[in-house]
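Notes follow once the structure below has been shown.
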Amino acid sequence: MTLEAGVAIVAALAAGSVALLGFGLDSLIELASASTILWLYTGTRGDFHAAERRAQQLITVCFAALALYVTFDAITTLAGGSHPHTSWPGVAVSAGAIVFMPLLARAKGRVAEQLGSAATAGDAAQSWLCAISAAAVLLSIIANAALGWWWLDPVTGLGIAGLAVREGREAWAGEVCGDCAPLDHR
């Protein structure tokens, strides 16, 4: 995730791409989400349910931060008419995420179901968001390169922000990704 985030963010800044930057920031947030889950299950927690809830809330804050930043960046880009450049490293990193993130999301979802952990399910949802974002980013880069549809990049960024809001609300409520059963978040 660290490599994915680094390549995507550097490529996004070089290309001026809102969608690719949103994808890169999502990768950083996914790393924070996974770290939160590690925190949840390492060491002893006096009140597991309180720690579980705190982990859900931290994951939700990450989704909200992504949504706010990408929305602001997309609106600013659309209003200013800023055209992103084609990013071949962005194509490579997003294509890789399309392949590997669904596999990771399914594995995390199975672990979430076995543990009965809404926070872990939120982390799985973060991996699904990464895969969906990667597909949208790849489409926007190719459409911009082939057809000159520069506006699709910030529009894709807005779509990523919308997905982040939805996933954040579900993580807060203790609901989970499509591969998992709803969990009681107490």
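Points worth noting:
- For the range 116-127, the count of residues that are among the aliphatic types (A, V, I, L, M), over 15 Å from residue 41 (Cα atoms), touching a Lys or Arg at 6+ places or on another chain (Cβ under 6 Å) and at pLDDT below 95 is at least one.
- Some residue of the range 94-106 being within 17 Å of the chain's Cα centre (by Cα), closer than 17 Å to residue 22 by Cα and not small (Gly, Ala, Ser): yes
- Qualifying residues in the range 1-50 (those that are small (Gly, Ala, Ser) and touching a Cys at 6+ places or on another chain (Cβ under 9 Å)) - the one surrounded by the most Cβ atoms within 10 Å (Cβ to Cβ): 33
- Of all residues in the range 52-64 being more than 14 Å from the chain's Cα centre (by Cα) and surrounded by fewer than 17 Cβ atoms within 10 Å (Cβ to Cβ), the one that is farthest from residue 6 (Cα to Cα): 54
- Any hit, the range 107-130, residues being open to solvent by 70 Å² or more (accessible area, probe 1.4 Å), of a type in the set (A, V, I, L, M, F, W, C) and under 14 Å from the mean Cα position of the chain (by Cα): no
- Test: residue in the range 132-145 that is in contact with a helix residue (DSSP H, G or I) (Cβ under 7 Å, 6 or more places away or on another chain), closer than 30 Å to residue 52 by Cβ and not polar (S, T, N, Q): yes
- Single unsatisfied condition, residue 77 versus (1) touching a helix residue (DSSP H, G or I) at 6+ places or on another chain (Cβ under 7 Å); (2) without any contact (Cβ under 8 Å) to a residue 40 or more places away in the chain; (3) farther than 20 Å from residue 131 by Cβ: (2)
- Filtered residue count, the range 149-160, keeping only those that are surrounded by 24 or more Cβ atoms within 10 Å (Cβ to Cβ) and under 30 Å from residue 120 (Cβ atoms): 3
- Test: residue in the range 95-109 that is under 25 Å from residue 35 (Cα atoms) and in contact with a Phe, Trp or Tyr (Cβ under 6 Å, 6 or more places away or on another chain): yes
- The range 65-101: number of residues that are surrounded by 15 or more Cβ atoms within 10 Å (Cβ to Cβ), over 21 Å from residue 147 (Cβ atoms) and hydroxyl-bearing (Ser, Thr, Tyr): 2
The values are calculated or read from the model by the stated rules, or taken from the named source; none is laboratory data. If you're wondering where the values come from, they're calculated on a predicted model, not measured in any experiment. Glycine gets a Cβ as well: all are built from the backbone with ideal geometry, and neighbour counts include every protein chain shown. We work out accessible area using only protein heavy atoms, side chains counted, and drop any ligands, DNA or RNA first. Shrake-Rupley method; radii C 1.70, N 1.55, O 1.52, S 1.80 Å.
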